[in-house]
1. Any residue at all in region B:436-451 that's farther than 30 Å from B:Asp502 by Cα and polar (S, T, N, Q)?
2. Any idea which residue in region B:220-250 is farthest from A:Trp363 (Cα to Cα), counting only those that are in a helix (DSSP H, G or I) and among the polar types (S, T, N, Q)?
3. Do we find that A:Gly87 is among the small types (Gly, Ala, Ser) and in contact with a helix residue (DSSP H, G or I) (Cβ under 7 Å, 6 or more places away or on another chain) in this structure?
4. Restricting the search to region A:365-408, which residues are among the small types (Gly, Ala, Ser), within 14 Å of chain B (Cβ to nearest Cβ) and within 21 Å of A:Leu515 (Cβ to Cβ)?
5. Have a look at A:Ala469, A:Ala414 and point out the one that is within 14 Å of another protein chain (Cβ to nearest Cβ), of a type in the set (Gly, Ala, Ser) and in contact with a helix residue (DSSP H, G or I) (Cβ under 7 Å, 6 or more places away or on another chain).
6. Out of the residues in region B:45-59 that are within 22 Å of A:Thr447 (Cβ to Cβ) and surrounded by fewer than 18 Cβ atoms within 10 Å (Cβ to Cβ), state the one that is farthest from the other protein chains (Cβ to nearest Cβ).
7. Tell me which residues, restricted to region A:471-480, are part of a helix (DSSP H, G or I) and free of Cβ contacts under 8 Å to residues at least 24 places away in the same chain.
8. Please go through region B:467-489 and give me each residue that is within 32 Å of the chain's Cα centre (by Cα) and under 13 Å from B:Ile275 (Cα atoms), ordered by number.
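The values are calculated or read from the model by the stated rules, or taken from the named source; none is laboratory data. Computed from a predicted structure; not experimentally measured. Counting neighbours? That spans all protein chains shown, and the Cβs are built from the backbone with ideal geometry, glycine included.
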There are 2 protein chains.
Amino acid sequence: MTRDRGRVVNGLGRRVPAFIEGLGAFDPYEGPWSRLERGYEAPRLVPPLRGSMPRKTKVVESLRRAIEASGLQSGMTLSFHHHLRNGDALLMAVLNECEAMGIGNLTLAPSSLTDAHDGVADLVRRGVVSQIHTSGVRGAVGRAISKGEVPFPVVIRSHGGRARAIEEGSISIDVAFLAAPACDPQGNLTGALGPSGCGSLGYAQIDARHARHVVAVTDHLVPQPLNRVSIPQYLVDQVVVVESLGDASKIATGAARITRSPVDLKIARDAYRLIAASGLLAPGVSFQVGAGGASLAVAAFVRDHMKEKGIKGSWGCGGITGYMVRMLEEGLFEALYDVQSFDAAVRDSLVRNGNHIEIDQSWYANPLNRGCVVHNLDVVVLAALEVDVAFNVNVMTGHDGVLRGASGGHCDTAAGAKLAVVVVPSFRGGVPSILDRVQTVVTPGETVDAIVTERGLCINPRRSDLIEAARSARLPVKEIGDLKREVEALTGVPRPNEPDSDRVVAVVEYRDGTLIDSVFQVK
Amino acid sequence: MTRDRGRVVNGLGRRVPAFIEGLGAFDPYEGPWSRLERGYEAPRLVPPLRGSMPRKTKVVESLRRAIEASGLQSGMTLSFHHHLRNGDALLMAVLNECEAMGIGNLTLAPSSLTDAHDGVADLVRRGVVSQIHTSGVRGAVGRAISKGEVPFPVVIRSHGGRARAIEEGSISIDVAFLAAPACDPQGNLTGALGPSGCGSLGYAQIDARHARHVVAVTDHLVPQPLNRVSIPQYLVDQVVVVESLGDASKIATGAARITRSPVDLKIARDAYRLIAASGLLAPGVSFQVGAGGASLAVAAFVRDHMKEKGIKGSWGCGGITGYMVRMLEEGLFEALYDVQSFDAAVRDSLVRNGNHIEIDQSWYANPLNRGCVVHNLDVVVLAALEVDVAFNVNVMTGHDGVLRGASGGHCDTAAGAKLAVVVVPSFRGGVPSILDRVQTVVTPGETVDAIVTERGLCINPRRSDLIEAARSARLPVKEIGDLKREVEALTGVPRPNEPDSDRVVAVVEYRDGTLIDSVFQVK
């Protein structure tokens, strides 16, 4: 069963399909700026205007009634947001209801899939889901995709790329189901309040503007007027009240902790030293850091530096952790741009602090608008599963070739930031992290400035200024080929990754809509 | 010079064009719900997605540079918002600059025109402006239009109708100029802060989403991040810094005062008594009232009633006055939905009070979305220039037939509210306000429940329930024909309004996009 045709070799030497059944033609990736520099324009897809009579009742009593009223049929596209993360119960509830109603062959287009969505693998096997657009895949779903169980190739997108895809209609959402932690009967809703409060609804805001039918599902219906509105009533067709949107304890998982791993701390310290050497840690600095161990630890070093030197930054952005909130509250940033809130402290800050600004996915990172937040980032610190000697980064597939990661804002922020630093241990479980060629490129090396490991740091040769600054700061700069060999001397040289099959089970779309890589079937 | 063709008689017996040169075909008005009930759908017009490179500089040094960079050419459509009201200097500055650059034959599509825009009349004569879409016209511009000086018929729309027209592309904006009282270099902007702070930017938000090119003009450029964002950066192409957006003293004109006119107070008291008699002044009531003398006085009576009876309403909406803010602060409403802030106290409340919610023009009143605020109004109190025995209301033309009013939210709220009360003195300057046939219909009588004058109140015969309630409350209910004759006995019978010419100088669009009336040329 080949669902793609006419493979071509893209600007990174990767084989990618020129056509995918059900999705149409794709251009191969050329370079991070190729489309932007050529002045690429895309028409936008928006649903038609439809009138509604005064005093229309939107509240329906069950998911089933909402699905019936939405006109959802087999073969259509459903979207969800993943702001409830591992606590989300809505996606599975809707798909199970669809199955019970005999609706199948669905295209699933969530902002991402989390551990809460393992059941999707079985729904694929039973024909309920036949195509998936997502940013991340984990566990059973990743394995099912990698084994070729999803009939059509899955499309992996970054957050900015997803906003772009929805706005231009590459993802054409028939029905958006919005988990709404607080909602009024007219459909005004927010993620910041209620027992399932998750914070920002940055991903869902784009779905609400572009889906043909929008269903808000809430476990906290409040009388109109809800006084904090992330998505206004005029984008919402129906409101469904359910017992619970999920497991609140897994939605907001408590303050993120700084790693105690000596390896991670060493990496973080050197990453921080590189950032300091770059000269960017100056008043007005803007900053994004992930929630992972070493990344978050970089924030701790940066924070100490800023406090010590009396530096006040301008803003932080991204998926926001409690650590960033603390920096906001300490006055180290003027504001936070929050597209996704990682814990309860973040959600509460969003409610309480006017300088904590909820932003949507397009505002955050869409390269095809008039200017997204990440395009003015100074510094971003990013994690990796693998890197290669061309500085390409893989955050999607494990060394066994199985999908188990998330594209997220990785390539968006790397492209936008003045300084994109990837922090990665030089090996994990005996397998080196620096390869001749990563299994799957998510972020092109051209947009990565430095890779920091516990055995030294490697700077992209196109950044001779940064190499010089790092050497002046006596940082352990190494040529990336040398570092690779140094690690291999310890671990041995891994067997090159050769796909088990020529069948493409997933494609990785670069943020601009071109295909940057293919993921092949594993046994 | 006839720019319209194929006149037809609409559902109110009014002659309206079937086609207007440069604008295309129009359907005649049938009834307030005809299009909605038929499930009318309209495709939406949105500009294409266009990429932008990281660290793109948006700030340009002058209006001229911004106009050049926008690609604005003769024959194109410009939009403006009127949140700065009589203090706005931007509209004239841009048009004067266009003239200096040799750009003419422009279509002007502001949310409304105010006294600050008298100069447009001369620009029309000099060929800079040749077509106008607006909600209101005053003074010299109204006279110029009425005298037939604008080459093409002007289109008058309600606030909800304008949102609809922009969303569906009936108004296709080439360049939107947004007066931005506070703006950062990326184009994040708000109306709530800065020396020209005007409050809500509800009208401008729609322009920003739909214009092909968006220019933010500010006299208060702040470093990124501006922490209150009404319009996000990704909708803005350019930022221009100017000395001043206008005369701040005319932007926020101080707290609205309750009328002392005995006639207005008598009207207001009876209007309040009717509202009370309707049973709608119950917990959870929603309410809109205009800023005019008698209207605002109704709010004062309603406030006293609510305080006395311990009634807590749900929300107020519309153009918000300081009086409504006071009621919010006194706990008489849970929230205010603010599409336009009428004074400084309102602007400050918007900044300070989380229950004071900025809403856009579509959210407020667009009949062709999934549910606007006014569609859940309980009570609205509206002013009028003239009414007629079929309860039709004219708020656009004086008894001389000259344009001098504003459509505003009049027909939107009348259609949406459970109870729409029009307050009007029975005559003004010796001319009766109740006619056999209003000069210009803006709001159809079918959506008006009652007309209250100082000589008694008239209830729409289709509201037999309300007639009964009013009689039970011993209100001075009169049959409208009787009241008309009573007034005429004092004033004499006015000469029927016969247009001087058959030339249509303006059309009044009902909120759903059909033509409800024509305005004919006067001498």
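1. Filtering region B:436-451 down to residues farther than 30 Å from B:Asp502 by Cα leaves B:449-451.
Checking which are polar (S, T, N, Q) leaves us with none.
The answer is no, given that none of the residues of region B:436-451 is farther than 30 Å from B:Asp502 by Cα and polar (S, T, N, Q).
2. My answer is B:Ser249.
3. yes
4. Keep residues of region A:365-408 that are among the small types (Gly, Ala, Ser), which gives A:365, A:371, A:383-384, A:390, A:398, A:401, A:405-408.
Now restrict to residues that are within 14 Å of chain B (Cβ to nearest Cβ): A:365, A:371.
Matches in region A:365-408: A:Ala365 only.
5. When all the criteria are applied, what remains is A:Ala414.
6. B:Thr57
7. A:Arg471
8. B:Ile467, B:Ala469, B:Ala470, B:Leu475
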